[in-house]
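Following: one structure in structure tokens, then a few remarks.
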Amino acid sequence: SNGLTVFLVNDPNASLVSVRTFIRAGSIEEGDYLGSGISHYLEHIVAGGTTAKRTEDEYKTAISMIGGAFNAYTTTDHTCYYINTVSKDIYEAVNLLYEWMFFCTFDKKEFNRERKVIIKEIEKNNASISRQFYQLCQTNFYKYNPIRLPVIGYLENFKALKDADLINYYKERYVPSNMVLVIGGNFDDEKVFQQVKNTFGS
């Protein structure tokens, strides 16, 4: 009822389950922040970061307790967060992603740390001949479409981002109606869907 799109992909033969949240927030849709890499920056902060529910360290423990592998990535048209685990821990995986999506607190220490990490990533890309060649091709081929811009952003645009910019972008984009939740593996459809309604659906 809140606009969230949910796909349950049941495979009785699967030994693992994967819970993935796709947000319609990529580099081509950054509006006033085009060329800054704000979607990618936000991904670094949200993935496993401190929320109003738990600290970053508590999330690391929670993930390790369910033997989960988790990661995130940003593309031109979406950002994805995922947790892979075993069937019995699917409910906790859904809950963890739910907390990341809606309760991020933008811890200042984590904010500054990830800022430094991304600056190094951009500088590394700028020093790579192959990356420079790829970006030059994109810029020359796509004269007007924002797909010509690097997903990670330009260094000067990235450095201009403020805390408030990320918080506003998060509040605007990280809403159920702008998300697709995909769950694949061997599980009970009704029980899993009830867990989705109790978390993402609330």
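Please list, ordered by residue number, the strands (runs of 3 or more DSSP E) wholly in the stretch 1-110 having 2 or more residues that are hydrophobic (A, V, I, L, M, F, W, C) and touching a Ser or Thr at 6+ places or on another chain (Cβ under 8 Å).
By residue number, 17-23, 69-74, 79-85.
When only residues in the stretch 157-202 that are more than 21 Å from Leu4 (Cβ to Cβ) and among the charged types (D, E, K, R) count, which is surrounded by the most Cβ atoms within 10 Å (Cβ to Cβ)? Even if it seems obvious, please write down each step before you answer.
We begin by selecting, within the stretch 157-202, every residue more than 21 Å from Leu4 (Cβ to Cβ); these are 157-168, 186.
Those still in the list that are among the charged types (D, E, K, R) too: 159, 162-163, 165.
Numbers: Lys159: 13, Lys162: 8, Asp163: 12, Asp165: 16.
Step by step, filter the stretch 157-202, then rank; the result is Asp165.
Within the stretch 57-80, work out how many residues are charged (D, E, K, R) and either in contact (Cβ under 8 Å) with a residue 40 or more places away in the chain or under 22 Å from Ser27 (Cβ atoms) (or both). Before you say what the answer is, go through the steps one by one.
Kept after step one, since they are charged (D, E, K, R), are these residues of the stretch 57-80: 57-58, 60, 77.
Filter once more, keeping what is either in contact (Cβ under 8 Å) with a residue 40 or more places away in the chain or under 22 Å from Ser27 (Cβ atoms) (or both): 77.
Going through the stretch 57-80 one residue at a time, the tally reaches 1.
Among what's in the stretch 25-50 and is of a type in the set (Val, Ile, Thr) and open to solvent by 10 Å² or more (accessible area, probe 1.4 Å), pick the residue that is nearest to Asp188 (Cα to Cα).
Out of the qualifying residues, it is Thr50.
Name every residue in the stretch 1-24 that is in contact with a Leu (Cβ under 7 Å, 6 or more places away or on another chain) and either of a type in the set (Asp, Glu) or buried (at least 22 other Cβ atoms within 10 Å of the Cβ) (or both), in order of residue number.
Val19, Thr21, listed by residue number.
The values are calculated or read from the model by the stated rules, or taken from the named source; none is laboratory data. Just so it is clear, the structure is predicted and the values come from calculations on it, not from any experiment. Counting neighbours? That spans all protein chains shown, and the Cβs are built from the backbone with ideal geometry, glycine included. These area figures cover heavy atoms from the full protein model, side chains too; ligands, DNA and RNA do not enter into them. Shrake-Rupley method; radii C 1.70, N 1.55, O 1.52, S 1.80 Å.
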